[in-house]
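Everything below concerns the one structure shown next.
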């Protein structure tokens, strides 16, 4: 009997979804004793365990026929209505997705094919690069930083090409932690409406601002201006719990209809129980919960910045996040963050090397630090270890 | 400001995922007063509401940091271990999926591309056709019936082409309700191993047999014979609850690795809470639960067959299922089941017209009846209504 030659049977798609080296690296971060700044995991002390326990028991007992049954692909109607009211949109424009990751895959399925141009920030969210890459598009990238994407580079890119969409994370970008200022958002929208291109705005961190208030999203600004070309993604992963895998997309009906059709073939619908549970958790005490979430992340960010300020050598640059879960770091030119990673693991601390966040390569001297899961003491200790790991790598003049 | 021309931005994928007319039809089945044989929904009286309520509360209270947090893409390790022990396979060969529908999408992503041949039964599961179609393959079909696919047609197809895989539902096929006998399974495996092709065996209904015992799956037979080329799919939707969206795929490590990589980009992982909950529900009283599930469906099937035997006119043929949730019906040649559908809705009963289950067309005179959600009295009344709807359509000689 011949053994099966699997690779001869795989399609082109299989070649595109090679394992990222990053995931192999990240396995090292789970070794005992490692303090990990690597994961993008929300702080577990914020999970509403008790409320979820009570709500889940009540839902299953009293409405188990619904909670455990197949549901509509668009999502559980009362949750769609809640999101609609929350964002001020028609619930018919809301699709509940199995995490935001699914929304990214659905966008790929509907908009992308071999060779289609799609525009991303460099760096951008690894999960988006991965989801889109499976459809074989051509990535156009524009540099991004603490104030979001370089608009001049964006303008030039739009003069040359018409991407299927722009994928942007204007608030507390993952991984670069940028926050696009209001004036720049407006400027960006002018470019976008002029070119008539579509923006996919990923606003997973929308509620995790450290300042006085949330900036209006591109989506809100576009709607106010009468422009329909912004598809909005957000999630309950960062404000409730990621393990429930409940997120949402908002899009004009024509686009939403296609996304719904794509979702039918992908998982039929997001688990009913999870959607009902999220709704119950949202209905009670949301403002207080959001205050608490913001305070916890603000304190952690502060702890990390203090530790970095006192421990990092000259020549190492890092962002001062105004929200979200990440600090983005640039090592001196020529210093490899993958090399640093190996030394850091030896010292007992982990992070994510920045290279894979660049869809078209580059960024070898960058890295992402998450402060979300650790307390102040562990953050301080982790940063000390990172500084020790850095010592041997930095050129003498930069120390 | 120009309105967005969405259709100019959609990729080829979007064209392939047109809404099926069937879904539009099925909306009619939700009208009040309609007795529906249409849905493939499991019987809600079988849902373990109370057990799930208790288990969910306990899990969230005591292990909420795990249940609500991101988890590994491969699945919750103790659930993978359970499935491994249950099926007698290495847990490393098990991938937990967000419903079996997701497994079908992942198979499409890994194995199929524009024009690749894939072989299906005609008729076959609509969700599989839909999931695969998004990748633009070329469907090869072989007729199937109460004893499974036509092996002669299959043999000829394999002589002409080498499909990326054969998608088969050997037990209680959806929609044709066939059960492939043991000898035929062995014969099929001979063909398959000789040709060195891969089989995807969808065994969603594996536990819903009405006879003394379950027939060995193709997967089991192939493993015994040392053939690795069968990928096995099954689900907890039919024995616990579909709304949790927890299913699994078993594949040799090389193939599983690709499926895991594909799943990373698709939804990161299946909700952790749901996987833990399924495991808790499986751990207690599974044999008794399966007995009950089988008894309930057997009784419903019997009720439907009795009603059909007494009410159906000559010339209408239907299967006598030995398990699962469906009866498959053939109207006399030239009588359209879509036309019957309209008349049936007027009489207050619904079913699924069979045409869409044929990937390459045909089957206009066929339909699928599900007995899963109704009790005996409603099944009898529904069949009476169906008989009335049929009257006006049948040629005089057949009445």
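Just the residues that are outside any loop (DSSP other than H, G, I, E, B) and farther than 30 Å from residue B:354 by Cβ, please, taken from the range B:39-56.
Hits for the range B:39-56 are B:49, B:50, B:51, B:52, B:53, B:54, B:55, B:56.
When you look at residue A:14, is it facing chain B (nearest Cβ under 10 Å) and modelled with pLDDT of 85 or more, yes or no?
The answer is yes for residue A:14.
Suppose we filter A:91, A:48 for residues that are more than 22 Å from the chain's Cα centre (by Cα) and farther than 21 Å from residue B:241 by Cα; which single one remains?
Of A:91, A:48, the one residue that is more than 22 Å from the chain's Cα centre (by Cα) and farther than 21 Å from residue B:241 by Cα is A:91.
What pairs come up if the first residue lies in the range A:227-238 and is facing another protein chain (nearest Cβ under 8 Å), the second is in a loop (DSSP other than H, G, I, E, B), and their beta carbons are under 6 Å apart, counting only those six or more places apart or on different chains?
Going by the 6 Å Cβ cut-off, the qualifying pairs are A:227/B:1; A:228/A:252; A:228/B:4; A:229/A:198; A:229/B:4.
From the list B:107, B:154, pick out the single residue that is surrounded by 24 or more Cβ atoms within 10 Å (Cβ to Cβ), over 17 Å from the mean Cα position of the chain (by Cα) and either touching a residue at least 12 places away in the same chain (Cβ under 8 Å) or assigned by TED's automatic domain parsing to the domain that holds residue B:371 (or both).
Values: B:107 fails: over 17 Å from the mean Cα position of the chain (by Cα).
On inspection, the qualifying residue turns out to be B:154.
Identify the single condition in (1) within 30 Å of residue B:344 (Cβ to Cβ); (2) assigned to a loop (DSSP other than H, G, I, E, B); (3) more than 10 Å from chain A (Cβ to nearest Cβ); (4) touching a strand residue (DSSP E or B) at 6+ places or on another chain (Cβ under 8 Å) that residue B:89 does not satisfy, given that it satisfies every other one.
Among (1) within 30 Å of residue B:344 (Cβ to Cβ); (2) assigned to a loop (DSSP other than H, G, I, E, B); (3) more than 10 Å from chain A (Cβ to nearest Cβ); (4) touching a strand residue (DSSP E or B) at 6+ places or on another chain (Cβ under 8 Å), residue B:89 violates only (1).
Sort out which residues of the range B:228-248 are in contact with a strand residue (DSSP E or B) (Cβ under 7 Å, 6 or more places away or on another chain) and closer than 21 Å to residue B:285 by Cα, and write them in order of number.
Of everything in the range B:228-248, those that are in contact with a strand residue (DSSP E or B) (Cβ under 7 Å, 6 or more places away or on another chain) and closer than 21 Å to residue B:285 by Cα turn out to be B:234, B:235, B:236, B:237, B:246, B:247, B:248.
If residue B:147 satisfies all but one of (1) away from chain A (no Cβ under 14 Å); (2) touching a residue at least 60 places away in the same chain (Cβ under 8 Å), what's the number of the condition it fails?
For residue B:147, the exception is condition (2).
Out of A:182, A:208, A:215, A:221, which single residue is within 14 Å of chain B (Cβ to nearest Cβ) and in contact (Cβ under 8 Å) with a residue 12 or more places away in the chain?
Answer to the check: A:221.
State all residues of the range A:115-151 that are surrounded by 23 or more Cβ atoms within 10 Å (Cβ to Cβ) and on the phi > 0 side of the Ramachandran plot; if no residue qualifies, say none.
A:148
Would you call residue A:242 under 26 Å from residue A:106 (Cβ atoms) and facing chain B (nearest Cβ under 8 Å)?
yes
In this structure, does residue A:300 turn out to be within 21 Å of the chain's Cα centre (by Cα), crowded, with 24+ Cβ neighbours inside 10 Å and more than 10 Å from chain B (Cβ to nearest Cβ)?
Here the answer is no, as residue A:300 does not meet what is asked.
Name the single residue that is nearest to the other protein chains (Cβ to nearest Cβ) among those in the range A:245-268 being under 23 Å from the mean Cα position of the chain (by Cα) and in a loop (DSSP other than H, G, I, E, B).
Among those residues, the one meeting the criterion is A:245.
The values are calculated or read from the model by the stated rules, or taken from the named source; none is laboratory data. Every value quoted in this text rests on a predicted model; they were computed, and no experiment measured them. Every residue, glycine among them, receives a Cβ derived from its backbone with ideal geometry; neighbour counts consider all protein chains shown.
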